[in-house]
Amino acid sequence: MQTLAHFADGGPGPWILLFPLIWAAVVVGGITLLRRTVWRGRRGPWRAPEVDDNSPIAVLGHRFASGEIDEDEYWRRLSVLDEQFGRRGKGGAA
């Protein structure tokens, strides 16, 4: 009975076990390269949705950042806007 260890007798030898590892490294390297270059600018399910600068929540955030409204008024208005527009994120950032 021949095993992979008996490569002198005509078997493929133990190096045959490295081929799946080499192919896996090539596939992982290719996907990594594509993610870092080609797919970088595209949106996907793993990215947060962008907020429109003219949306009511963004306008409220700009008003708070410029000092037009105080923190209590910001949170009060944000809770109303969350009920109406249903923001996805939690906390202060959308």
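Rule-based calculations on the coordinates, nothing more; no lab input. What you see is a predicted model, and the numbers here were worked out from it, not measured in a lab. Please note: Cβ atoms are built from the backbone with ideal geometry, for glycine as well, and neighbour counts cover all protein chains shown.
Summary table below
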item: Residue-span extension gain [ASP53 to GLN84] - 0.36 nm each, minus C-alpha spacing; result: 9.4 nm
item: Derived scalar couplings ³J(HN,Hα) [the stretch 29-36; Karplus, 6.51 cos²θ - 1.76 cosθ + 1.60; whole Hz; x for Gly, Pro]; result: x, x, 5, 4, 4, 5, 5, 7
item: Label-point gap, in nm, between ASP70 and TRP39 - each point 7 angstrom along Cα→Cβ; result: 4.9 nm
